[in-house]
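K.L.:
My questions all concern the structure below.
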Amino acid sequence: MAPRIQIINGPNLNLLGKRQPEIYGAETLDDVARDCEALAAELGLELSFYQSNHEGGIIDCIHAARETCAGIVINPGAYTHTSVAILDALNAFDGKVIECHISNVHKRESFRHHSYVSLRADGVIAGFGTQGYQLALRRMAVLTA
Ligand code: DHK
């Protein structure tokens with residue numbers, strides 16, 4: 001059976017394409033989902049796609065992935081820098097985790113330089129724009145083979 005990968009996007013990423021395009025680009029989250037689906041078919045991965053502006057929704061999604069998914073690609077948005085609860089949920093997930101940021105968070109404000117999620121992530125992608133999700137899926141295909 002093809003490994004299933006859960007892609008999770010956190011707060012404000014529903015506004016992708018409209019919000020600060022000079023930082024996050026012109027592609028919408030639907031564009032990202034469409035490109036990821038096409039690549040997943042090539043790589044032999046099954047995908048689930050989830051976005052929430054709420055910490056609890058993201059945590060519930062991670063819990064559900066415990067039963068169904070071999071890996072999680074997560075862009076927790078600003079929760080990256082604040083959420084011990086999302087880190088704890090990821091620590092209760094046995095599969096692979098890749099943290100993905102559209103912007104290069106290390107080139108930005110110092111409060112974006114620390115990530116709780118990085119304490120759990122098997123790999124981190126930042127600064128590749130929305131192409132980062134596809135790079136994450138390519139790595140997931142290797143990690144979950
Ligand atoms: C997205 C956000 O919404 C920010 O809060 C993070 C991240 C960076 C991104 O680059 O995708 O600091």
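Values quoted throughout were computed directly from the atomic coordinates according to the rules given, and no laboratory measurement underlies them. In this text the structure is predicted, and so the values were computed from the model without any measurement. When we count neighbours, we look across all protein chains shown, and the Cβ atoms used for this are built from the backbone with ideal geometry, even at glycine.
K.L.:
Here's a check for you: in the stretch 15-34, which residue that is assigned to a loop (DSSP other than H, G, I, E, B) and touching a residue at least 60 places away in the same chain (Cβ under 8 Å) is farthest from residue 131 (Cα to Cα)?
P.N.:
Within the stretch 15-34, the first condition is being assigned to a loop (DSSP other than H, G, I, E, B), and the residues that meet it are 16-20, 25-28.
With the extra rule that they be touching a residue at least 60 places away in the same chain (Cβ under 8 Å), the set shrinks to 16, 25, 27.
Working: 16: 13, 25: 10, 27: 10 Å.
Among residues in the stretch 15-34 that are assigned to a loop (DSSP other than H, G, I, E, B) and touching a residue at least 60 places away in the same chain (Cβ under 8 Å), the one farthest from residue 131 (Cα to Cα) is 16.
For (1) within 19 Å of residue 98 (Cβ to Cβ); (2) away from the ligand (no atom under 12 Å from the Cβ); (3) in contact with a Cys (Cβ under 6 Å, 6 or more places away or on another chain), each residue gets a yes or a no:
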site: 16; (1), (2), (3): yes, no, no
site: 22; (1), (2), (3): no, yes, no
site: 31; (1), (2), (3): no, yes, no
site: 36; (1), (2), (3): yes, yes, no
site: 42; (1), (2), (3): yes, yes, no
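K.L.:
Let me ask you something else. Within the set of pairs 6 or more residues apart or between chains, which connect a residue that is within 16 Å of the ligand (Cβ to nearest atom) inside the stretch 67-92 to a residue that is small (Gly, Ala, Ser) and in a helix (DSSP H, G or I) with Cβ atoms less than 8 Å apart?
P.N.:
What qualifies is 72/65; 73/136.
K.L.:
Of all residues in the stretch 104-135, which are away from the ligand (no atom under 12 Å from the Cβ), assigned to a helix (DSSP H, G or I) and among the hydrophobic types (A, V, I, L, M, F, W, C)?
P.N.:
Hits for the stretch 104-135 are 119, 135.
K.L.:
Among what's in the stretch 35-67 and is within 14 Å of the chain's Cα centre (by Cα) and assigned to a loop (DSSP other than H, G, I, E, B), pick the residue that is farthest from residue 140 (Cα to Cα).
P.N.:
53
K.L.:
Could you tell me whether residue 50 is within 12 Å of the ligand (Cβ to nearest atom) and either within 18 Å of residue 77 (Cα to Cα) or touching an Asp or Glu at 6+ places or on another chain (Cβ under 6 Å) (or both)? Spell out how you get there, then give the answer.
P.N.:
On the way: within 12 Å of the ligand (Cβ to nearest atom): no; either within 18 Å of residue 77 (Cα to Cα) or touching an Asp or Glu at 6+ places or on another chain (Cβ under 6 Å) (or both): yes.
It is false that residue 50 is within 12 Å of the ligand (Cβ to nearest atom) and either within 18 Å of residue 77 (Cα to Cα) or touching an Asp or Glu at 6+ places or on another chain (Cβ under 6 Å) (or both).
K.L.:
Another question, then. With respect to residue 44, determine if the residue is crowded, with 18+ Cβ neighbours inside 10 Å and among the small types (Gly, Ala, Ser).
P.N.:
Values: crowded, with 18+ Cβ neighbours inside 10 Å: no; among the small types (Gly, Ala, Ser): yes.
Criteria not met by residue 44.
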